[in-house]
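These notes concern the structure reproduced below.
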Amino acid sequence: MKDYNKLSLEMHEKLKGKLEIKSKKEIKSKDDLSIAYTPGVAEPCREIYKNPEDVYKYTIKGNTVAVISDGSAVLGLGNIGPEAAIPVMEGKAILFKEFANIDAFPICLKNQNVNQTIETIKNISPIFGGINLEDFKAPECFEIEQALQNLGIPVMHDDQHGTSVVVLAGIINSLKVVKKEIENVKIVVNGSGAAGTAVTKLMLKYGFKNIIVLDTEGIIYKGRKNLNKIKEEIASITNHNLLQGDLTEAMKRTDIFIGLSKPDLLTADMIKSMNDKPIIFALSNPTPEIMPDIAEESGAYIFATGRSDFPNQVNNVLAFPGIFRGALDIKAKRITDEMKLAAAETLASIIKHPTREEILPYSLDKSIVPKIAEAVKMAYREI
């Protein structure tokens, strides 16, 4: 097995990061310089001043996204700070370029103050056509994203919504394989952070009825003590039977497990207590809640992780490039639930005949972005 940690470290050291700025215009003569800079550049400045919408006509704004983080919740690494978060933000930027031809720039903020973060993003927004929030911890991430929805450009926290779109697409196809209906299945979402909350809300929006959400203290239910505002909302829209207890209790007679929490939390006995043909999405990265061999030996019928070295990878790269491509193309003011649902349904539809080993397309499939982008545009126009 390849040591990807070692190979990645060597690559990053050799290249000194993964990004560079490349000019669209060569400067080889006095005329080149005069057109690209002074005196000629004053004319597009004057035009934009007269009509601010012309910024899309004369600058990079319409195809540029900021990938912004404060480093407070990076991958499975936690609060490692802005400098240590840079490699991830660079990585996200090159995925934007590779899959959607969107120019993206990594920005890592020194502070982790919600109000300062919101004001900073507002103040730098003129240059960007969209904002991709990344690796902000919960519950701050909810407040930050919500406060930026009237910025006039699409703002999306990918850890929430990219994840929820891909998970929903995978679940749609998984249910086709096991021949179960969304109205009848019981779902356990283990993890009530950014991803767990967004997955729960989008699945309810799609039509799922019976969802149980857990945090580190166990099952979330209405009336439980010490719930923050976000968890109180989750309690009000899930677990209508007021089930209480831990993960072992929640897993009994469950059809679907979605893990967005920590490694090694799911056991063989828990899977054995589930309903027939259980679906396991063990998405903790880089180590899932249970390893695939143990899950399958315990009766898991469909198994998915966030890793590329196992079948059925649930990866946000299947969603965010197409969502932003579509949003930028039509100058959408925000990314709506309807756009996310359209993205999920389109992503699921790419697999014409889902199987246990193939519920989602391969991450490197270049046909995904244009299909999702078109679906997103249609959904936005129909609002």
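The values are calculated or read from the model by the stated rules, or taken from the named source; none is laboratory data. The structure presented is a predicted model; accordingly, all values stated were derived computationally and were not measured. Cβ placement follows ideal geometry from the backbone for every residue including glycine, while neighbour counts extend to all protein chains displayed.
Things worth noting here:
- Filter pass, Gly218 being farther than 16 Å from Asn241 by Cα and either more than 17 Å from the chain's Cα centre (by Cα) or among the polar types (S, T, N, Q) (or both): no
- Single residue of Val185, Val114, Val178, Val166 found to be more than 22 Å from Ser236 (Cβ to Cβ), in the same structural domain as Glu232 (by TED's automatic domain parsing) and surrounded by fewer than 24 Cβ atoms within 10 Å (Cβ to Cβ): Val178
- Gly152 vs. criteria assigned by TED's automatic domain parsing to the domain that holds Ile323 and touching a residue at least 60 places away in the same chain (Cβ under 8 Å): no
- Residue, farthest from the chain's Cα centre (by Cα), within segment 146-163, restricted to residues that are assigned to a helix (DSSP H, G or I) and surrounded by fewer than 20 Cβ atoms within 10 Å (Cβ to Cβ): Ala147
Listed here are the residues, each with its yes/no results for (1) surrounded by fewer than 23 Cβ atoms within 10 Å (Cβ to Cβ); (2) within 19 Å of Leu318 (Cα to Cα); (3) of a type outside the set (D, E, K, R).
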| residue | (1), (2), (3) |
| --- | --- |
| Tyr58 | yes, no, yes |
| Ala66 | no, yes, yes |
| Gly81 | yes, no, yes |
| Lys122 | yes, no, no |
| Glu140 | yes, no, no |
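- Entirely in segment 289-381, the helices (runs of 4 or more DSSP H) that have 3 or more residues that are under 16 Å from the mean Cα position of the chain (by Cα) and farther than 23 Å from Val178 by Cα: 320-329, 337-349, 368-381
- Scanning segment 305-322 for residues that are more than 15 Å from Val167 (Cα to Cα) and buried (at least 24 other Cβ atoms within 10 Å of the Cβ) yields a total of 2.
- Within segment 275-328, being among the basic types (Lys, Arg) and free of Cβ contacts under 8 Å to residues at least 24 places away in the same chain holds for one residue alone: Arg307.
- Some residue of segment 188-203 being of a type outside the set (S, T, N, Q), in contact with a Phe, Trp or Tyr (Cβ under 6 Å, 6 or more places away or on another chain) and surrounded by fewer than 23 Cβ atoms within 10 Å (Cβ to Cβ): no
- Of the criteria (1) at pLDDT 95 or above; (2) in contact with a Gly (Cβ under 8 Å, 6 or more places away or on another chain), which one Gly162 fails: (2)
- Residues of segment 180-212 satisfying the condition of being more than 18 Å from the chain's Cα centre (by Cα) and on the phi > 0 side of the Ramachandran plot: Gly207
- The residues listed here are Ile94, Ile21; of these, the one that is of a type in the set (Val, Ile, Thr) and surrounded by 12 or more Cβ atoms within 10 Å (Cβ to Cβ) is Ile94.
- If you go through segment 223-264 and pick out every residue that is under 23 Å from the mean Cα position of the chain (by Cα), buried (at least 21 other Cβ atoms within 10 Å of the Cβ) and either among the acidic types (Asp, Glu) or part of a helix (DSSP H, G or I) (or both), you end up with 1.
- One residue from Gly76, Gly71 being touching a Cys at 6+ places or on another chain (Cβ under 7 Å) and part of a loop (DSSP other than H, G, I, E, B): Gly71
- Index of the failed condition, Val177 passing every other in (1) more than 19 Å from Leu265 (Cβ to Cβ); (2) among the β-branched types (Val, Ile, Thr); (3) under 24 Å from the mean Cα position of the chain (by Cα); (4) not in a loop (DSSP other than H, G, I, E, B): (3)
- Candidates Ile94, Ile107, Ile86: the one that is of a type outside the set (Asp, Glu), closer than 24 Å to Glu13 by Cα and in a strand (DSSP E or B) is Ile107.
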